[in-house]
Structures are given as C-alpha cells and as structure tokens.
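*Asks:* One structure, pasted below without further comment.
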Amino acid sequence: MFGKVSDKHLHFLTCPSVTMSRMNGLSQLFPSLPLAPGGLFWVGLALVGAGLAGEVCRRWLGCPRIVGYAVVGLFAGMLGRSIVDDNMIAQTRVLIDMALALALFELGHRLSLSWLRANPWLLITSAAESLLTWGLVSTVLQWMGASPGVAILAGGIAVSTSPTIVLQLKNELRADGQVTERLMAMSALNSIYAAAIVQVATGWLHSEYGNIGAALLHPLYLLVGSCLLAWVVGKFGHAIYARMSADDHYSFLVLVGLVLFTLALTRVLKLSMPLTLMLAGVVFKHQDRQPHVWPTHFGSAGSLLIIVMVVSLGLPLTAKDWVVGGSLAVALVVFRHIAKLAGVVSLGSFSGLSLRQCAALGLALAPMSGLAYLLMSDVARLYPGTGAPLASIILCALAIEQLLAPIIAAWALRYAGESRDHGGGR
C-alpha cells in the first residue's frame, strides 16, 4: 500500500537543515528557558502589588490607599532599574496624560463660576496663596544655589495641587462640606495658575537662550490657543452630550472619548494640556443653567489610570536625582506647605471659614503629583540644560509629597469634620 521511501526522500527527512527547522518549530510551541517576561508582566505585577499595598495602608495603617501606590512605584523604580528603561518610562507618559486629562476635565466641570462671583474672596485667597507659594519657593531655592530659571520654574510648579489625588481622596473619604468644596475649587484654580506661570516662565527661558521671537509668541500661542480650543471643545462636546440621556452609560463613553480626543489635539497642536482640559470642563458645565450632574462612574473608570499614574511617577527617580536635587526638593516641600497654609489662614476667614477650617484647607492643598511631572517634563523636552536639574528637584519633591501629602490632606479633611470614612476598613 505504501511505497518504499526513496533515497531522495530519506535525505530530505534527515538533512540537518530540515531537522533544525523541525526543532525550531517545536521550540515555538513551548516556553524557552530561562523565562523572559515582557514589560506587560512587570506592569501587571506592579499593579497587583500597588493594589495590595493600598489595602494594607487603608485597612491596617489608616492611611489613604494612594500612599501604598506611591510606595510600590518608588520601590519598583529603585529595585527594577535594570528592567525600567527609558522606553518604558516614555510609554508611561501616555497613561499619566490620560489620567490627568480625565481628572482635569472633571475638576473644571466642578468649578462653579457663579460661586466665585458670589464669593470673590475665595478667588482672592487662591490667587494670594499661589503667588506667595511661587515667590517664597523661588526665593528660597535661589538662595540655596539654584539658577534663576530653575528656581522660578520650580516655584511655579509648586503652586499646583494635584487634581487626581484630591479627587481620589474626596471619593475615598466620602468627604463633603465647605472645606472640601473650597479644596476642589482651589485645586482647579491652582492648576490653572501653575500652568500659566510655567508657560510664561518658559517664554522667559526662550529669551535667555537667545530666541526673542519665541519668547514673545510662544506663551501667547499657548495661552490664546488653549483657551480657544477649550471653548470649541466645551461647546461642541455639550452639543453632543446634551442630546443623549444622562442615565445612558454609553453617553459616558462619549464623554471619555471627548476628553481623550482633546488630549490628542493638544499634542498635535502643541498647546497646554492642563489649561485646555480644565477650561474645557468649565465651558462644558456652564452651557446649561442646570448643568448635567457629573457621572458617578467617571471616577471609578479613572481609578485604574490614577493607580497607574501614581505608580509610574516613582519609576524615573534615581539615586543621582537625590544627590543633585534632594536638599532643594526638601526645601521646596517645606516652604510650599508653609506658604499655602499661611496664605489660606490669612485670608480664608473673609470667605466665610472659621480658623479651624482655614487651617484644614491650607493643609489639604498639600498633594502634588502628575500635573507637576507633566509641567516639568514639558520644560525638560524644550531645554534639557534647564530641565535636567529641574527634573531632579521635582522628582524628589514628588517622591516626598506622594508619601506625605495624602496623609496630611486626609487628616485635614477629618480635622475639618468633613470625612465620613475615618480610616481602617470599609
């Protein structure tokens, strides 16, 4: 039935190249040793570790979960230096941008212009506190040896209060009240101030590097272009969203898509992402006399991105950064907290707060996270000479603030009596 195998066929089956091809085919079917997991493996492992660390902090230590996320990020950066390369760090920038975009848009949506008009002292307090923070931090850093450009930019970045951490703490602590509402408003305003200060300071850097044309036109383009794009996105987004049912979960997807599309546009047009997303949220909200209630599931959808962002911010930090910018970072953190507390305590009573509430609000403004990293990296991309020492200072400051600031802010909200969750378990 079967013919005899010819010498030609026998040679084909037994020749080394054919045998090697068959072996290669088999090796593709089974894992090779030693095992070499890719970046996704380490990212997944870090997220599992972050989730567990967050629960340990929350249930056993009474600290916000976000502290555990930050600890895992810092350990992953220090212990996994051979795994965490520049390419992986660059890829995490996309996730940081997405988390920030969602938080900034939501915070802008929560900012009530009518409330600011009715209570102008809130706006005055926010502006005074921000100017004090910028001036004090910049002066101290220059006194300690930082160059004027680095000190001015670091002071401007120090003005920011992290929108992602503030929203996370509000949801986790189920905080509500006068201090919490002012914290949300001042976090939004601080983000706008910080972005504007850094853009103007970047224009000054252009002149320092001899590019007078860019010094005049670039800040103007960023500020005017970002405002125009925010107005268009807010109007257009509202026109679509208003025609959909607020109870429809698919309308939420449209909202997320709108935010991510705007994020992409800011990159294509090279505009300010913080200014655009924050102002777009403001414009979006104030199209109706009775604005849509912010979808409660938006925060839960962004929680994963917030975890990834906090973990990712610890990855770029190295021992060299502590040598270059460690002492300046400690000074930035200390005087930043002093300025924010002093600014709010000095003027907060004019907006209707008691001294206890003023102190709580000043302390609750402590968190500094992804927005600071974003502003710093934008400067470093344009001018590496200035960006390198600035990055060392900000990365070290973020490492300190991500561990301490959520604890301070959570304590402040409990001190104000506005937290419904007093720590430890559910």
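All of the numbers you see were taken from the coordinates with simple rules; none came from a lab. These numbers were taken from a predicted model, which means no experiment stands behind them. Because the Cβ atoms are built from the backbone with ideal geometry, glycine has one as well, and the counts that use them run over all protein chains shown.
*Asks:* Over all distinct Cα pairs, what is the inverse of the mean 1/r for region 113-227, reported as the Kirkwood hydrodynamic radius in Å? Mind dumping the intermediate values first?
*Replies:* Numbers: mean 1/r = 0.0638 Å⁻¹.
It is 15.7 Å.
*Asks:* State the Kirkwood hydrodynamic radius of region 162-221 in Å, one decimal place, computed from all pairs of distinct Cα atoms.
*Replies:* 13.5 Å is the Kirkwood radius here.
*Asks:* Moving to a separate point now. With +1 on each Lys and Arg Cβ and -1 on each Asp and Glu Cβ, and nothing else charged, work out how big the dipole of region 130-276 is about its Cα centre, in Debye to the nearest 20. Mind dumping the intermediate values first?
*Replies:* Numbers: 7 positive and 6 negative charges, 40 e Å.
My answer is approximately 200 debye.
*Asks:* Which three semi-axes in whole Å describe the equivalent ellipsoid of region 74-415, each the square root of 5 times a Cα gyration tensor eigenvalue, listed largest first? Walk me through the intermediate numbers first.
*Replies:* Numbers: eigenvalues 165, 114, 88 Å².
They are 29, 24, 21 Å, listed largest first.
*Asks:* Would you mind ranking ASP176, ASP378 so that the residue whose beta carbon has the fewest other beta carbons within 10 Å leads the list? Could the numbers behind the result be given before it?
*Replies:* On the way: ASP176 13, ASP378 18.
Final ranking by Cβ density, sparse to dense: ASP176, ASP378.
*Asks:* Moving on. According to a simple spin-label model (label point 7 Å from Cα along Cα-to-Cβ), what is the distance in nm between SER327 and TRP121?
*Replies:* 4.2
*Asks:* Past 28 Å, Cα to Cα, is the threshold; run LYS170/LYS285; LYS235/LYS270; LYS170/LYS270 against it and keep the listed order.
*Replies:* Values: LYS170/LYS285 20 Å; LYS235/LYS270 21 Å; LYS170/LYS270 32 Å.
The pairs that break the limit, which is 28 Å between Cα atoms, are LYS170/LYS270.
*Asks:* So how do ARG336, ARG267 line up by other beta-carbon neighbours within 10 Å, fewest first? Spell out each step's value before the answer.
*Replies:* Working: ARG336 27, ARG267 12.
The fewest-first ordering by Cβ neighbours comes to ARG267, ARG336.
*Asks:* Suppose every K and R has +1 on its Cβ and every D and E has -1 on its Cβ; what is the size of the dipole of region 375-426 about the Cα centre, in Debye to the nearest 20? Please list the in-between numbers first.
*Replies:* Working: 4 positive and 4 negative charges, 26 e Å.
In total the dipole reaches around 120 debye.
*Asks:* How long is the gain from VAL56 to VAL94 if the chain were fully straight, where each residue apart is worth 0.36 nm and the alpha carbon distance is subtracted? Numbers along the way, then the final one.
*Replies:* Values: separation 38, 0.36 × 38 = 13.68 nm, distance 2.82 nm.
Here the segment from VAL56 to VAL94 would lengthen by 10.9 nm.
*Asks:* Can you run the Rg to Rh ratio on region 112-161? Use alpha carbon positions and the Kirkwood inverse-distance Rh. All intermediate terms of the calculation are to be shown ahead of the outcome.
*Replies:* Values: Rg = 13.9 Å, Rh = 11.8 Å.
With Rh from the inverse mean 1/r over Cα pairs, Rg/Rh is 1.18.
*Asks:* Working out 0.36 nm times the residue gap between LEU220 and MET78, then minus their Cα-Cα distance, what length gain in nm do you get to one decimal? Numbers along the way, then the final one.
*Replies:* Details: separation 142, 0.36 × 142 = 51.12 nm, distance 4.00 nm.
Working it through step by step, the gained length comes to 47.1 nm.
*Asks:* Quick one: length gained pulling LEU47 to SER147 fully straight, 0.36 nm per residue minus the C-alpha distance? Kindly include the intermediate steps, with their values, before the conclusion.
*Replies:* On the way: separation 100, 0.36 × 100 = 36.00 nm, distance 3.80 nm.
Here the segment from LEU47 to SER147 would lengthen by 32.2 nm.
*Asks:* How would you rank THR202, THR262, going from fewest to most other Cβ atoms within 10 Å of each one's own Cβ? Before the final figure, lay out each step's value.
*Replies:* Details: THR202 23, THR262 26.
Least to most surrounded, the residues fall as THR202, THR262.
*Asks:* How do 47-54, 208-215, 309-316 rank on mean C-beta neighbours within 10 Å, highest first? Please report the intermediate quantities before stating the final value.
*Replies:* On the way: 47-54: 17.4, 208-215: 13.1, 309-316: 25.2.
Ranked from most to least packed, the peptides come out as 309-316, 47-54, 208-215.
*Asks:* What's the local net charge at PHE105, with K and R +1, D and E -1, over the other residues with C-beta under 15 Å away? Don't jump to the answer; show the numbers that get you there.
*Replies:* Numbers: positive: ARG110, LYS235, LYS285; negative: ASP97, GLU106.
Neighbourhood net charge equals +1.
*Asks:* How far apart, in nanometres, would the label points at PHE236 and ALA319 be if each is projected 7 angstrom from Cα along the Cα-to-Cβ direction?
*Replies:* Roughly 5.1 nm, to one decimal.
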